[in-house]
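The values are calculated or read from the model by the stated rules, or taken from the named source; none is laboratory data. Since we're looking at a predicted model, the values are computed, not measured. All Cβ positions, even for glycine, are placed from backbone atoms using ideal geometry, and neighbour counts span all protein chains on display.
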Amino acid sequence: MLRRLLWLTPTYFLLFQSFVRPQGTADDYRRAQEIRSSFPKAFRESTFKYHWSEKGLIFEDKSHGEPRYRVIHFNPSDLSSATPQKIFIDHHDHSELEPKKLWSKSSGHKIPVTITFQNTFDRSVRIFWVTFDGKLKPYGDVPAGERRSISTYDGHQWVLDFSANKLAGIFSTLEWDCIATLNPKSQQYAMDGFRGVTTQANKDKIQPIEKLFVKNHNVWLRSDNQENQLTKDGHQGDVFLNNFHYSPNKEYALGFQETQIKKRRIPLLTSAPEDQVQPTMRWINYAKPGDSVPQRRPRLFHLVKKQAVPCDDHAFLDSWSVRFLRWAPDSSRAYVLFNKRGHQQLTLRSIDPKTGRLQDIVHETSKTFIDYSQKTMIRWIDS
């Protein structure tokens, strides 16, 4: 039987081979190679890279090979319509970064770019990347008179210095490859900002701001060695969070009051833990559809008058989350982001600290789902 199988095998192989269709000819391969070379011209990079500036909306144009920058002007008297007035080519090289006076946390954007540091000084400078939580992470140095390129992302912050407290420059990457030139101008900008922050910090040490704290579920103000109770509606089921955001002028503060609920818990089984043979089980909080979720509402406080500023709660009902974003530099507004339960409404709201008046700055809705965790991008443009 084995001998018969061995004898039949080549017969079947020849039979199957007769059904295989012939491969392409030399002309077919030549034509395919010619078509392939034309693909890059037909399918250019379609990523829209833009940047807001005083001139308007600047975007990079690579349709003619070398990058060019176009500017779209908007009607300054009616920004709500966002109708472009004109588009022209800006011959200024926007790949050259303007130095900054201060740095902030790097933003979590996702456009890969390259930043090139050009050191014009006669001594080396150290490179630090500002992490997402505001810490400085060393990235080596740039020798005197040399260049160094680093792969990064748009919105990332970079700080360079000669030594501690002797800054050489501060830069923030744009949406395209950019150059950061270290020269006396960048050094002066960085040191001016550093001196301003140091001076303000010394003033705060001499004149400490009033401190808010939570006691017995309510907010108290400690000032001049005295404690004043600012709220009386806090209780075990609706507490004030012991985390406050002070305005730049130190006259106001924003906090939150949040309802307390009994959270649903479910068991989580680890069948093969790393530290032992037997399975382990732990309990985690896991809200199911229809379960109650904590309701958080902003609360404003006037530190000079030592009183709470009323704020309408109805605009924050049925929330999934409400979080503080920032104060306006002139302390005229506080900004919070409201994410309605169901993730079909996301609203950026401002709060007037003097009156508690609310105003919707950006209001977005979706019939399906807003990807609030991965695709929420907010970029501030201060006047």
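Some observations on this one:
- Flag for LYS288 being at pLDDT below 95, out of contact with any His (no Cβ under 9 Å at 6 or more places or on another chain) and under 24 Å from LEU221 (Cα atoms): no
Each row is one residue, and each column tells you yes or no for (1) surrounded by 11 or more Cβ atoms within 10 Å (Cβ to Cβ); (2) farther than 24 Å from ARG296 by Cβ.
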position: TRP220; (1), (2): yes, no
position: GLY237; (1), (2): no, no
position: PHE240; (1), (2): yes, no
position: ASN249; (1), (2): yes, yes
position: GLN257; (1), (2): yes, no
position: GLN260; (1), (2): yes, no
position: LYS263; (1), (2): yes, no
position: LEU269; (1), (2): no, yes
position: ALA272; (1), (2): no, yes
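- Flag for ILE361 being closer than 23 Å to LYS105 by Cβ and either hydrophobic (A, V, I, L, M, F, W, C) or modelled with pLDDT under 90 (or both): yes
- When we screen PHE324, PHE301, PHE369, PHE338 for residues that are among the aromatic types (Phe, Trp, Tyr) and more than 27 Å from GLY234 (Cα to Cα), the only hit is PHE369.
- Pairs meeting the criteria (first residue in segment 210-231 and touching a residue at least 24 places away in the same chain (Cβ under 8 Å), second residue among the acidic types (Asp, Glu) and buried (at least 17 other Cβ atoms within 10 Å of the Cβ), beta carbons under 7 Å, at least 6 apart or on different chains) are LEU221/GLU210; SER223/GLU210.
- From the list VAL113, VAL159, VAL125, the lone residue that is over 30 Å from SER373 (Cβ atoms) and either buried (at least 20 other Cβ atoms within 10 Å of the Cβ) or β-branched (Val, Ile, Thr) (or both) is VAL125.
- Scope segment 302-357; condition under 18 Å from PHE369 (Cβ atoms) and within 17 Å of the chain's Cα centre (by Cα); matching residues: LEU337, PHE338, ASN339, LEU346, THR347
Okay, residues lined up against (1) crowded, with 16+ Cβ neighbours inside 10 Å; (2) of a type in the set (S, T, N, Q):
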{"site": "ASP275", "(1), (2)": "no, no"}
{"site": "CYS311", "(1), (2)": "yes, no"}
{"site": "HIS314", "(1), (2)": "no, no"}
{"site": "THR347", "(1), (2)": "yes, yes"}
{"site": "THR368", "(1), (2)": "no, yes"}
{"site": "ASP371", "(1), (2)": "no, no"}
